[in-house]
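What follows is a set of notes on a single structure, which appears directly below.
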Amino acid sequence: MKQVSNSKCPKCGSKTFITMPNRYDCLRFVNGEFQVEKSEFRNEKERIFCRECGAEIDVNTTFRHKTIILRKS
Ligand SMILES: [Zn+2]
């Protein structure tokens with residue numbers, strides 16, 4: 001099956017995207033040392049941005065249409 005979905009930012013054509021800073025791994029200080037606590041991937045309020053131009057992706061619509069859709073500001 002041929003992939004026809006758009007995997008690039010509609011605005012600038014970038015193929016790389018980032019999540020919010022608070023989606024990165026969290027550290028916890030446990031028993032005298034730092035332990036990496038992997039952030040769990042939840043369905044709620046996932047926010048994704050274009051790495052190049054910073055446009056926010058409309059995650060729900062993107063998943064539904066299987067193509068990158070920007071959030072309307
Ligand atoms: Zn972009």
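Applying a threshold of 6 Å to beta carbon distances and a minimum spacing of six or more residues, or different chains, the list of pairs starting in the stretch 11-26 at a residue that is modelled with pLDDT of 60 or more and ending at one that is surrounded by 11 or more Cβ atoms within 10 Å (Cβ to Cβ) and of a type in the set (Val, Ile, Thr) reads PHE17/ILE48; THR19/ILE48.
Listed by first and then second residue, the pairs linking a residue in the stretch 43-57 that is at pLDDT 85 or above to a residue that is of a type in the set (D, E, K, R), with Cβ atoms under 7 Å apart and 6 or more places separating them unless they lie on different chains, are PHE49/GLU56; CYS50/LYS11; CYS53/LYS11; ALA55/LYS11; GLU56/ARG47; GLU56/ARG71; ILE57/ARG71.
The values are calculated or read from the model by the stated rules, or taken from the named source; none is laboratory data. Being a predicted model, the structure only gives us computed values, none of them experimental. Cβ sites come from the backbone with ideal geometry, for glycine too, and all protein chains shown count toward neighbours.
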